[in-house]
1. Residue 387 - would you say it is within 16 Å of ligand 2 (Cβ to nearest atom) and either within 21 Å of residue 282 (Cβ to Cβ) or not assigned by TED's automatic domain parsing to the domain that holds residue 336 (or both)?
2. Quick test of your reading of the structure: residue 133 fulfils all but one of (1) in contact (Cβ under 8 Å) with a residue 24 or more places away in the chain; (2) outside any helix (DSSP H, G or I). Name the failing condition by number.
3. Would you confirm whether any residue within region 161-171 is closer than 19 Å to residue 117 by Cβ, surrounded by fewer than 16 Cβ atoms within 10 Å (Cβ to Cβ) and at pLDDT 90 or above?
4. Could you please give the count of residues in region 55-91 that are surrounded by 14 or more Cβ atoms within 10 Å (Cβ to Cβ) and outside any helix (DSSP H, G or I)?
5. Where residues in region 233-244 are at pLDDT below 90 and within 13 Å of ligand 2 (Cβ to nearest atom), which of them is surrounded by the fewest Cβ atoms within 10 Å (Cβ to Cβ)?
6. Tell me which of these residue 369 doesn't satisfy, since it passes every other one: (1) farther than 27 Å from residue 27 by Cα; (2) within 14 Å of ligand 2 (Cβ to nearest atom).
7. Would you confirm, using the coordinates I've provided, whether residue 307 is away from ligand 2 (no atom under 16 Å from the Cβ), on the phi > 0 side of the Ramachandran plot and at pLDDT below 95?
8. Select from region 295-351 the residues that are away from ligand 1 (no atom under 16 Å from the Cβ), outside any helix (DSSP H, G or I) and closer than 18 Å to residue 236 by Cα and list them in ascending order.
Ligand code: SF4
Ligand code: SF4
């Protein structure tokens, strides 16, 4: 009974703290603007199955990809055991999901094996991070907190896996010594028990109880650490893939207000759309955190900081000052800074800082070639180029700020209807001294 009360209290505390974090993020989302409509549900489900569940993008590097995929699949399986622990803790029962019969055996056996595999994968990841100089994990945006955050999260997961293995060992040992019925199958637990069978039933009981509490309390703690960590992608990555932009890579979205204006210019006879009395001139493009779409912010929260995007970015590779990973990290950091102030003082609040310039420089914004390599490579389907384009839109349309070469192109388009500096009538002047057959169809 005492165990039940203690567990229920810690569970309620965990849920309350988690709800506060989610409510805080929901407040930030309310500051963003609408994105594209979510249609093509069938296509989205197929994409989620292939990219998120099948981890297809991760397998472009087969060996490391396999370890990453093992961690992801392991989480998916192990979560059943965690749900059972919560149900057991609340109800004061033991192995409540055993009613699933043979499926329970499969789930427990897979969870036990995956705990070992995930543990090994995490040791490899930690070793790479701590003792090897991996270029993908470096960069101006990767400050000491980014590295510490990754190490803390990986350590959390490692202890979770160790406690799961020892919990299963304790359970198998206790049941074997006391003649109880072992519910589920635990291959790793049985293997370890065969090596440690000389320990007493009390010792196995102690191992089981300590591991049980350590495991579940760590899950509660980790769940509340995640919203403030890069590992929040544990929650965000699957929905982010489902909510992917489905347009062909590189297709620019039209700005509704501009499209309306252009259509009206092309057909002045058309009745103009009436302007509402409370109309506020809308911002062109993105200057700050409140100008981004909810999907841009969802992307920023889903970023795993893996650096795969930056590793394939031609601008970054050729030494330009651009890292697509930094663009996502900057948006998340800026929202973290301004979000609470906007929630408190309203969306129009200004702290005299902005995403552009205080976080992302013009040099970075114009270094992008819009090749879409970053979005193609990103394992959680983050769409960096559309945010970069919107940052450019702000600079050009609100500040008339662009590199000199582009300004010349803009004037040419305005004056000549083409990017070149010649008027349309003069375009074929270069042919006038050529000996061209009279009958040649020009
Ligand atoms: S679209 Fe821009 S940011 Fe992305 S890889 Fe290409 S150049 Fe880099
Ligand atoms: S944007 Fe995608 S590829 Fe880039 S660091 Fe984040 S998760 Fe990795």
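1. Yes: the conditions hold for residue 387.
2. (1)
3. No, region 161-171 has no match at all.
4. Residues in region 55-91 being surrounded by 14 or more Cβ atoms within 10 Å (Cβ to Cβ) and outside any helix (DSSP H, G or I): 3 in total.
5. Here the residue is 234.
6. (2)
7. no
8. Looking only at region 295-351, we keep the residues that are away from ligand 1 (no atom under 16 Å from the Cβ), and these are 295, 297-298, 301-302, 304, 332-351.
Still in the list and also outside any helix (DSSP H, G or I): 304, 346-351.
304 - this is the single residue of region 295-351 that is away from ligand 1 (no atom under 16 Å from the Cβ), outside any helix (DSSP H, G or I) and closer than 18 Å to residue 236 by Cα.
The values are calculated or read from the model by the stated rules, or taken from the named source; none is laboratory data. Because the structure is a prediction, the values reported are computed rather than measured. Virtual Cβ from ideal backbone geometry, glycine too; neighbours counted across all protein chains shown.
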